[in-house]
Every structure is written in structure tokens, then in C-alpha cells.
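Reviewing the structure listed below.
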Amino acid sequence: MLCLYIIMVSFITSKMSLADLFIVPLVAVILVSITVSTAQGSALEFQELYNQTTDFGISILTTENFNETLFVILPDNDNTLCTDNVVWLVQFYNSWCGHCQHFAPSYKSVANSTIPWREFVKVGVVDCSVRKNSPLCNQYDVQMYPTIMFFPPKTKVGALGKKFTGPHTVPGLYNGILDYLDQEGFPPEMVLVTSSTIDELWNSLPEDKENLALIVEPIDSSLGKDVLLSTLGDLHVLTARRITVLNRALVEALGDVAITGPYPQLWLLDRKAKTSNKIAVSSGGSEDLIAAIFAIDDELAVQKGIVKPVRHPVHYMEADHQVETPVKKADSMEIKPEFDHVQSLDITSAIIYMFSTEVATHKTIDGEQLVALRRFVKALTDLVPLPSPANVAFQKLSGHLAEVTFTEPKRMLKALSAAGYDVEKLPVKWVGCAGSQPGRRGYPCGLWQLLHTLTVNTYRNNTNTEGTLIPTDKETEWSSNALDEEAGILTTIFGYIRHFFSCDDCRLNFLREADGLKAQTKSMSNEEAVLWLWKVHNGVNRRLVGDITEDPAHPKIQFPSQTQCPQCRLADNSFDEHEVKNYFLRFYEVKDVPTTWNVRDPKHRQLVAAQEVANILTNTSSSSSGSSSTIWIVLPGTFCLMVAFLGFRQWRRQQQKSHNGVWGLGYSRPRVKWM
Ligand SMILES: Cc1cc2nc3c(=O)[nH]c(=O)nc-3n(C[C@H](O)[C@H](O)[C@H](O)COP(=O)(O)OP(=O)(O)OC[C@H]3O[C@@H](n4cnc5c(N)ncnc54)[C@H](O)[C@@H]3O)c2cc1C
């Protein structure tokens, strides 16, 4: 408002020329559109499952801070840039992946409960759905989400970590960390003592260590590891070690109490006094032993006159607090009406996202992967109404893939960019697939719609208006058998999902369905393929009703709903498959892309003007979610920029006038005064 006021005053005091009256709105429009599109682009891409402020113990890693957070220059390691003396656990996730969303509370819980181990174990996350993190996810060869990697101490920058393959549960991950530390023998103090006498034990320890806390525990217990990891980094006088009852000789050397149990026991040994005393027995958890060790260490420090630095505060949080309950549909949450047909921007955004993040994370592509990608790109060019210049770019890519036996995504992206379609820079905008909150819908929704578009258009393509099949030339057209090994549309879809779809859980569930189908039959018509994919998708919808991944404003339904297609339902509310197929022909007809597009005539498609793409982008900017709120932030900012622009112009004129009274070219500019 203040800026507006200043502008009005400028007008009224006649400081503006008539030309300014045209220039200013023009500048305003340009600035508004640039700022709105930037704000939307980032808002729609920004999704987070982890939060630096509330998720204690988790470092949010990005392309910008990854190296500086994980790596240091270690003089004792030839001055190389490598991880410090800690193990890093890094989860590369994807915020739209349902399994990643489910796993987040467990990951947070483990990160939280291992905060006391921070001297030895650090936990981080990278969101690979954020496109600026793609180079990082690519560098670490992350193709499926979530991918969890351990980086041992002294890992050199860029070296791949070891993948965690255990169960994605709290105990699975917790035990996975302990097992990994065991394998690495890190920290060395945690490795089981093998000495069979107390003298031998003292000889294995540094000479300046005179007091030892020794844990005696059953063979399958991990409590001693937790106690050592939680205390070792914070001890000032004591040191600590562990043995199991399998070290019978040392247990006997401690005395009868050590032999009879119960365990785990905590013993205090004094090198000079040659004493060993049992001082505590765990009552179940590790807290009492940790507390006992810290109490002894404090007491010894006082005795030795050591001024102890204050111990790090331990942010224990109840694991229960971390567990996120499924999002319940708020009574006030408005259910968003669905579009009556698929939106071309969702389809193109899915393709842009697919190539810039999913395909791009592969270092090289050859063999079966190349065959799968070759077919899929061919399907995109033949069957999807891509706006110009995407159609030309993908046709070129299709040609390239047909000729090579090996390729690199980097090269493919460059080729697309050279053909005018830079998927790394193009905005990803969701319209029909826009979520009501960050982290909802987006890519998986766009991908489903792309897959349905492919099956529907293959059916449409192979069928004339009377519904009879058009004979196909196997080499150039899509087969009338959707399961054909060479030119079947379902085989093509299965290939992409198998080799490239990065949501691992979704991929495996989908491939289970695909393998089940292939076990039953080798042949399926394109009409049946449309219905098969519809049923599989509805099966996923059924499974996800009420799930934490469900967008409350877009509840999972058996598609199409009664409202979307009343004629698709029979009297008992079951589906009339013939009507469903007809509805799909309407719903999956991409109407807002060039009207000139004709799937049977590839040449015709190339005629589509770039202007049409620009129109689509502009129209959608105003309809995408989030625009109404950003506009109120953006507009005042734009006015301020206009004021700055006008001020600068005015100042420059005055400067020039004061020099020679004329414009730089030697003539006075005529001025028309505002009323
Ligand atoms: C191949 C694949 C497998 C997946 N598997 C899983 C999984 O196992 N577990 C998991 O948690 N998530 C899975 N997902 C993600 C999940 O299915 C949704 O995509 C995600 O939850 C986003 O849901 P959405 O509300 O945007 O609607 P989506 O289910 O993504 O649907 C997108 C749009 O497609 C249309 N549509 C809906 N149902 C149908 C149908 N039956 N036929 C045709 N069109 C339809 C509607 O217009 C809808 O808005 C998978 C995604 C894909 C692409």
C-alpha cells in the first residue's frame, strides 16, 4: 500500500511521461508473472518429511551443505577431504514416496534415540524429490527410495557408502546400526574384550587408564553397546569396555557373582588398587548403567581434582511423540472437485520430473534397462500428445536410443536440451495432481495418469471409430497384444516401472501384479489392458484409503466416482466395464494440448506452435493451487520494485539534464504531462 501511495504521488506530481504509463504496467506484468512463477515453482517442489528444528538428531542435507557437513580435511589422512571419526547414516528419500512417508516416524525415532551416540554415529537425510538435490542423489547412485547408506569413518568425498538392506522398522534400523558398527569394529572400545585374565585386560588398555567400567552381559544382548556408545565420548577419567558370558575365563577371574548372574552387570576395576567390584546390575534398560558410569566418572574426577567440562545435554524424547498418526480428514477440509479430463500439464510435468530426476539418477543405461527406456520413449513420442518442442526433442531422443547400445542420462538430457527441451530447467507444475499440502500427490499422480494415457491411446490408436481393430505393422506400430514382448504397451509400462520407477515399495507391489498377469496369459487386447491398469490402480486406491499418504482434499476412491461417471455404475454400484472404458476414452483425452495433435500423424504434431505451450503455462499458473496466497506477497513486492525502477529513471534523467539538458543522443525528449 505504501508503495502504491508513492506511485500515486509520483503520478500526481507529474513526474511521469506518457511512455512511462505504458512501460510501468508492462514492467509490472512481467515482474508479477516472473515472481509468481518462481514462487509457485519452488513452493510446489518444496516438500519435507523432516524438519531441522523439530527432528533432533537429523541433519537435513542438500547439494549445498552435504560436503561441508560430512567431510573435513584430516591431517592424519594425507590432508584428504573425508568423514571424521564417525559413522554417518544417510537416508536418501523422496517425499512423494508413500513408503518414505510411512518410514519417516521410525527413522526419526531411531535418530532421536541414538542422539547419545552422536560422538560415533550421525544421522542425516537428503530429499531427492527436490530437483536441486538431483546431482547429489545421482553422485551417490541412488535409484530407489528410500536408500539408506552407511559411511564409515574416513570415507573419502564422493565414495559410495554401504547400503542398509535390513527391515525398515525401528528395531530393524537400530540393530542395523549396531551390526554395522560391529562389522567396522568401530568404535574400537566397543569391540568385545578377548583377554582371559585381568592383567591381560589392563595390558590391552592405554597406560594412563587406571579405572575401568566393565559390562558383563549375555551373548545376544546389545545393551552393552548402547551403554558404551552413550558414555565413551563423555568420560573424563574412566574408560569402559564390554564382555559377554562367553569369555568364561575373564568372568571367572571377576569372581562368583559374575558367574552366577543376573546380567548385564557393571563392574568397576582399579588398576593400582587391583580391585574389581560389581557396582550395578541392569534392571532392564541401559539408563541405569549409563547413569552409574557417569556418577563414578564424576566422583573420580572430583577425587583427581579434574574440572569437568559440562556434558552435552541429551535430548531424549519419547518415541511416542515422534510417531505421526494418519492424517484425519478435517471436517472443514474441502474435498476438491476433480477435473473431468486429464490435464496436459500433469502429463508433461510427470515426464519432465521422470527424466530430470528418476532417469537422471542412473549413471549409465544399457542392456535391459536401455531396451525398456527405448520402448518407453517411443511410447511417449507415439502415444502422448506432447506440446512442441517436447515432441521434437523426444523424437530425437527416441532416434538416438534406437541406435545406441549404451547411453548416459547426462548425454540424454543434453540432447533434449539441445532440441529445445531442457528438462532440468523446465518447471514442474501440477494442476489436476496438485496436492492440498506439501508432500501430497504430484509425481505419482502424474505418473499414473501418464500410464493410463498410454494404454488408452494405444487402444484408441488401434481401433477405428466403429470399434474394429486396425491391423498393425509390428515394426512401427503398437501391437494389438498389450503383452507383446516387442511392441506391447503393458510390456513397455512394466519395463519402465521395473527399471526406473524410484518408489521401491510401489514398484515391487506393481511388479507383483504384472508378474501375476504374465503368469496367467501371454496375450491381452489393448482394450483389456486399459481395464487391467484401471483395476490395478483401484486396488492400490483401496489399500491406501485412510493411509497417511492420502491427501484429505482428494480422498482415495474407486475411480470413476458415481459423480464423475454415473453411467459407469450398475444398480448394485458395481462397475459397468464397457462404460468405464468409454469414460476412459473421454477422461484420458488430453484436451488442453494442441488441438492439431493427431496421434496417427506424427508429422502433424510437429506443427504445434511454441506459442500454444506458452498459453498453457500462462493459463495454468492462474489456476494452480497456491497462487492466490502467493499473489498477496508478490504484488506488494512488485510495486516496490516498480517504485525503485521509477526512482532510478527519474534520478537518471535529472543527472543527464544537469549535465547537458539533453538526452544522451543530443536531442531533447518531448514530454507529455500527466493531467
Ligand atoms: C505404478 C504406481 C504404483 C504405486 N504403488 C503404491 C503403493 O504400493 N503404495 C503406496 O503407498 N503408493 C503407491 N503409489 C502411489 C499412489 O498410488 C498414489 O499415486 C499417491 O498416493 C498419490 O495419490 P493421488 O491422490 O494423487 O491419486 P492417484 O492414485 O495417484 O491417482 C491419480 C489420478 O488418477 C485418476 N485415477 C484414480 N484412480 C484411477 C483408476 N483406478 N484408473 C484410472 N485413473 C484413476 C484420478 O484422476 C486421480 O486423481 C503408486 C503409484 C504408481 C504410479
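The values are calculated or read from the model by the stated rules, or taken from the named source; none is laboratory data. None of these values were measured; they are calculated from a predicted model. Using ideal geometry, Cβ is built from the backbone for each residue, glycine included, and neighbour counts are taken over all protein chains shown.
Considering only residues that are in a loop (DSSP other than H, G, I, E, B) and under 42 Å from the mean Cα position of the chain (by Cα), which ones fall in segment 194-230? Pro218, Ile219, Asp220, Ser221, Ser222 - these are the residues of segment 194-230 that are in a loop (DSSP other than H, G, I, E, B) and under 42 Å from the mean Cα position of the chain (by Cα). Flag not set for Leu380, criterion: more than 16 Å from the ligand (Cβ to nearest atom) and either in the same structural domain as Tyr496 (by TED's automatic domain parsing) or touching a residue at least 24 places away in the same chain (Cβ under 8 Å) (or both). Over 18 Å from the mean Cα position of the chain (by Cα) and under 29 Å from His499 (Cα atoms): does that describe Lys162? In short, yes. Considering segment 489-573, the qualifying helices (runs of 4 or more DSSP H), each wholly inside and each with 2 or more residues that are within 11 Å of the ligand (Cβ to nearest atom), crowded, with 18+ Cβ neighbours inside 10 Å and of a type in the set (Phe, Trp, Tyr), run over 489-500, 526-544.
The test for being surrounded by 15 or more Cβ atoms within 10 Å (Cβ to Cβ), modelled with pLDDT of 80 or more and small (Gly, Ala, Ser) holds for Gly57.
Yes/no per residue for (1) assigned to a helix (DSSP H, G or I); (2) touching a helix residue (DSSP H, G or I) at 6+ places or on another chain (Cβ under 9 Å); (3) among the aromatic types (Phe, Trp, Tyr):
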| position | (1), (2), (3) |
| --- | --- |
| Thr361 | no, yes, no |
| Leu373 | yes, yes, no |
| Phe376 | yes, yes, yes |
| Gln395 | yes, yes, no |
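Of (1) surrounded by fewer than 17 Cβ atoms within 10 Å (Cβ to Cβ); (2) among the hydrophobic types (A, V, I, L, M, F, W, C); (3) touching a Cys at 6+ places or on another chain (Cβ under 7 Å), Leu160 satisfies all except one. Which? It is condition (3) that Leu160 fails. Does Ser502 fit the bill of being farther than 23 Å from Glu577 by Cα, of a type in the set (S, T, N, Q), assigned by TED's automatic domain parsing to the domain that holds Asp366 and modelled with pLDDT under 95? Against the criterion (farther than 23 Å from Glu577 by Cα, of a type in the set (S, T, N, Q), assigned by TED's automatic domain parsing to the domain that holds Asp366 and modelled with pLDDT under 95), Ser502 qualifies. In summary, Glu252 fulfils each of the numbered conditions (1) closer than 17 Å to Thr194 by Cα; (2) in contact with a Ser or Thr (Cβ under 8 Å, 6 or more places away or on another chain); (3) among the acidic types (Asp, Glu) with the single exception of condition (2). Looking at segment 211-234, I want the residues that are outside the structural domain of Asn112 (by TED's automatic domain parsing) and have a partner that is part of a strand (DSSP E or B) and of a type in the set (S, T, N, Q) with Cβ atoms under 7 Å, at least 6 apart or on another chain. Which pairs are those? Close Cβ pairs (under 7 Å, with a partner that is part of a strand (DSSP E or B) and of a type in the set (S, T, N, Q)) amount to Leu212/Thr239; Val216/Gln265; Glu217/Thr244; Pro218/Thr244; Ile219/Thr244.
Every residue, every condition in (1) under 11 Å from the mean Cα position of the chain (by Cα); (2) crowded, with 23+ Cβ neighbours inside 10 Å; (3) touching a residue at least 24 places away in the same chain (Cβ under 8 Å), yes or no:
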residue: Asn67; (1), (2), (3): no, no, yes
residue: Leu74; (1), (2), (3): no, no, yes
residue: Ser95; (1), (2), (3): yes, yes, yes
residue: Pro105; (1), (2), (3): no, no, yes
residue: Lys108; (1), (2), (3): no, yes, yes
residue: Ala111; (1), (2), (3): no, yes, yes
residue: Met144; (1), (2), (3): yes, no, yes
residue: Pro152; (1), (2), (3): no, no, yes
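So is Leu205 over 22 Å from Ile296 (Cα atoms) and surrounded by fewer than 19 Cβ atoms within 10 Å (Cβ to Cβ) or not? The answer is no for Leu205.
Annotation note: of Leu192, Leu173, the sole residue that is within 26 Å of Asp226 (Cα to Cα), touching a Ser or Thr at 6+ places or on another chain (Cβ under 8 Å) and surrounded by fewer than 19 Cβ atoms within 10 Å (Cβ to Cβ) is Leu192.
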